[in-house]
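Here the structure is laid out as structure tokens; the discussion comes afterwards.
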Amino acid sequence: MIRLDHIHFRYDDFTADFNFEIARGEFVAVIGPSGSGKSTLLSIIAGFDSIQSGRIILDGKDMTEASPSTRPLTMVFQDNNTFAHLDLWTNVALGISPALKLDAAERQSVDDALERTGLKALARRKPGEVSGGERQRIAIARALLRDEPILLLDEPFAALGPALRREMLDLVKELQREKSYTVMLVSHHPDDASYAATRTAFLSNGRILAFEPTQQLLKRRDLPELEDYIG
């Protein structure tokens, strides 16, 4: 579960206010124009950005003052998910131990995560030797290893074509159902929200103007900002 309780955030001349709750096991999308605060929202939840007031409740615990490393979540970004000089197996293993000191059970868990994400046959290849979609699977494999209840996805598939984006969304949806992850996906593509999310939040200027079932939200014609965004 994710609950942002009257959050106020300010950085330079940008302000944001968030007050909402997401149930355990929900798949929620966050859409909106560039600069609306989508990535900031995830950074606040993850603890990378400090808030001025309010409370952040994650998995039933007040994590407002908690460091990012102690929050019960995994965050996947669009870029910087791999180390080019390391093979895929090692890139995934870093999710367990930055020092790569793994026991037999941990090494097996890396193998299992690679198999689960379709990377086992590519384990000894370098990131530059595989496709963009396969590189993004590394981040999903790491998320499996961490196995935290909350998965935050900050436009991780934006650089992929429509077919690969759909394939990656299928993988995330499958894992979400199996593990009961609570998923928040930031995307510039409303069709990603339509395909994967049960509910969608529309952001504009640091505010959530609508947060409702995805198909219902995408059909609305009474929000000028939303209509301008979707076109």
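Of the listed requirements (1) touching a Leu at 6+ places or on another chain (Cβ under 8 Å); (2) at pLDDT 85 or above, Gly132 misses just one: (2). Within the stretch 132-144, is there a residue that is in a loop (DSSP other than H, G, I, E, B) and either touching a Gly at 6+ places or on another chain (Cβ under 7 Å) or of a type outside the set (Asp, Glu) (or both)? The answer is no; no qualifying residue exists.
Within the stretch 113-131, track down each residue that is surrounded by fewer than 22 Cβ atoms within 10 Å (Cβ to Cβ), assigned to a helix (DSSP H, G or I) and touching a helix residue (DSSP H, G or I) at 6+ places or on another chain (Cβ under 7 Å). Residues satisfying the conditions are Arg116, Lys120, Leu122, Pro127. In the set Ile45, Ile31, Ile56, only one residue is touching an Asp or Glu at 6+ places or on another chain (Cβ under 9 Å), modelled with pLDDT of 95 or more, over 21 Å from Tyr229 (Cβ atoms) and surrounded by 21 or more Cβ atoms within 10 Å (Cβ to Cβ); that residue is Ile56.
The values are calculated or read from the model by the stated rules, or taken from the named source; none is laboratory data. Note that the structure is predicted; figures quoted are calculated from it, not measured. Every residue, glycine as well, gets a Cβ built from its backbone with ideal geometry; the counts of neighbours run over all protein chains shown.
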